[in-house]
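The values are calculated or read from the model by the stated rules, or taken from the named source; none is laboratory data. None of the values given here were measured: they were computed from a predicted structure. Cβ placement follows ideal geometry from the backbone for every residue including glycine, while neighbour counts extend to all protein chains displayed. Protein only, heavy atoms only, side chains kept; ligands, DNA and RNA dropped before computing areas. Shrake-Rupley method; radii C 1.70, N 1.55, O 1.52, S 1.80 Å.
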Amino acid sequence: MKEITEPAKQTPVFAEADICILGGGCTGVFAAIRAARLGAKVIIVEKQNSFGGVATSALVNIWHSVYNTTFDKQIIAGLTQETVERLKRRNAVRTVKKNYNSGFVLNTEELKIELDEMVKEENVGPFLHTFYVGPYMEQDMLKGVIVENKSGRGVILASMFIDATGDGDLCHDLEIPYKESEHKQPPTTNAKINGWSSIDGVDINELFLKHGKEFGFPEGSNWGEYIPGAKDLYMLSGTRVYNANCVDGRSLTNSEIEGRRQVRAYMDLIRKYCSNQSISLASLPSNIGIRETRHVQCKYQLNENDVLYGKQFDDAIANGSYRIDIHHDNKPGITYRYLNGEEVYTRPGYPVEVSHWRGPLEKEPTYYQIPYRSLVPEKYPNVLVAGRILDVDYNAYAGVRVMVNMNQTGEAAGVAAYLALHSNRSVQNMEISKLRKVLAQGGSIII
């Protein structure tokens, strides 16, 4: 690649804090809130114009169940539950009981405002429309992050850092080892559509199997939910962009354009082959819904057996029950693996294939856990990761990646960063019993 040399210049300090969090999805916001409630001065940096990440900017309006697989034990609470309760006051959430596909359906426009309020209430310092550029180092120690926004280029100085960017941008630049799966789960462009009830009763999967090629539409999966508090407004998740590498600038650009093309193709097909339809495109996301890019190498890689057999960890900081949910990049459809040994392959327009990945156990697991050490890179004493860049193998990631799980990793990272700073410890030398105790005191369910 051709290169130029930029002249050196002085860079102003935009802010100083105890903890700086890169990435303002719910994972990052929840990290910021938990740390701020303990007394830390916190800065959070987000490239979009709002907080919430995939939930808001990518329109994904589902949070999954906070109960175990048999729905008789609550395993997730904390800021996920608190946020749901706040949204209920504005008719902005619908609860779905005893369902593997959904726990809560959100009005994500209301979620944007709610997260603003939560950030302000805790005096977290927000930087929206702000792009992370690179690390600022002093004698091999991370001292700050360089950012750019409408004010220009500046640096945010801090003692502790949490990479919640989703792509591990800070860790990448710090040359912390990471892995990329050979078969990344493909991204999806969602859309909000008016008038969806006009095609209720239509078998969408059969329609697309029959006519999809006419519109250049790849086989994938279809799901969606009506938006709480809105009249006949539907969030549709029906596109799939194959061969996307969303940490490459050109590939990400092409993926965004292809995703929007597929939304239009989806609607054109319905307009042509569904009589009496009255659909219209209401809005598109501000970024494509990225399922997977990098996984940062940490002290422990969570694996598929850990998840499917419900392994318990002495440093567990999160619990989950969502099944393994593999969106294939090399064939159509989705493979589900359940903790009870069942396996299901669904391909739109075809019969569901049911099998078993293992036989019955004397005692079936009903939830799994995420350990703190899967958030802790080895290299720096003041850097933690949170969210989908945690250290996890391909199949395990297909289950733990959903937002109710990743929300908990944010809370844990925020508390851990505070405790490390105020106990003068490295993040690698965390007092685990103290971390788990403080998380529980803040409302997390710690088992």
Translational diffusion coefficient (Stokes-Einstein; Kirkwood radius from C-alpha pairs) of the range 171-305 at 20 °C, 1.002 mPa s, in µm²/s: 128 µm²/s
State the Kirkwood hydrodynamic radius of the range 80-180 in Å, one decimal place, computed from all pairs of distinct Cα atoms. 16.7 Å
Output needed for the range 306-377: three equivalent-ellipsoid semi-axes, defined as square roots of 5 times the C-alpha gyration tensor eigenvalues, in descending order, whole Å. 27, 17, 8
Computed over the chain: longest principal axis from alpha-carbon atoms vs helix 432-441 long axis, angle to nearest 10 degrees, is 60 degrees
Pick from N194, N149, N395 the residue whose mean-square fluctuation is largest in a GNM of the chain, springs joining Cα atoms under 10 Å. N149
Say the cut-off is 18 Å between C-alpha atoms; which of K299/K379; K98/K184; K47/K150; K143/K379; K41/K434; K213/K331 go over it? K98/K184; K41/K434
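Just list whichever of K112/K231; K73/K363; K192/K311 have alpha carbons separated by over 27 Å in the model shown. Kindly include the intermediate steps, with their values, before the conclusion.
Numbers: K112/K231 19 Å; K73/K363 16 Å; K192/K311 39 Å.
Those over the limit are K192/K311.
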Rounded to the angstrom and largest first, Cα extents along the principal axes for the range 321-361 equal 32, 19, 16
Once you sort the root eigenvalues of the Cα gyration tensor of the range 194-248 as a ≥ b ≥ c, which label holds: rounded (a/c under 1.5), prolate (a/b larger than b/c) or oblate (the other case)? oblate
Probe 1.4 Å, heavy atoms of protein chains only: per residue, the accessible area of the chain in Å² is 44 Å²
When the convex hull of the Cα atoms of the chain is projected onto a plane and the area is averaged over all directions, what value comes out in nm²? 22.2 nm²
Taking the convex hull of the Cα atoms, report for the range 325-416 its projected area averaged over all directions, in nm². 8.0 nm²
Between 0 and 90°, nearest 10: helix 78-88 axis offset from the chain longest Cα axis: 50 degrees
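When DSSP assigns beta bridges and you keep just the ones with both residues in the chain, what percent turn out antiparallel, to the nearest 5?
70 percent
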Check which residues have an amide H placed less than 5 Å from A316's amide H, if you skip close sequence neighbours. Y372
Give or take rounding to whole Å, what are the principal axis extents of the alpha carbon atoms in the range 1-157, in descending order? 60, 39, 29
Phi-based couplings in Hz for the range 130-141 (Karplus 6.51, -1.76, 1.60; Gly and Pro marked x): 10, 9, 5, 10, x, x, 10, 10, 9, 6, 6, 10
I'd like the orientation of helix 108-121 relative to the chain: the angle between its Cα long axis and the longest Cα principal axis, in ° from 0 to 90, rounded to 10. 20 degrees
Segments 111-118, 95-102 sorted - mean Cβ within 10 Å per residue, highest first: 111-118, 95-102
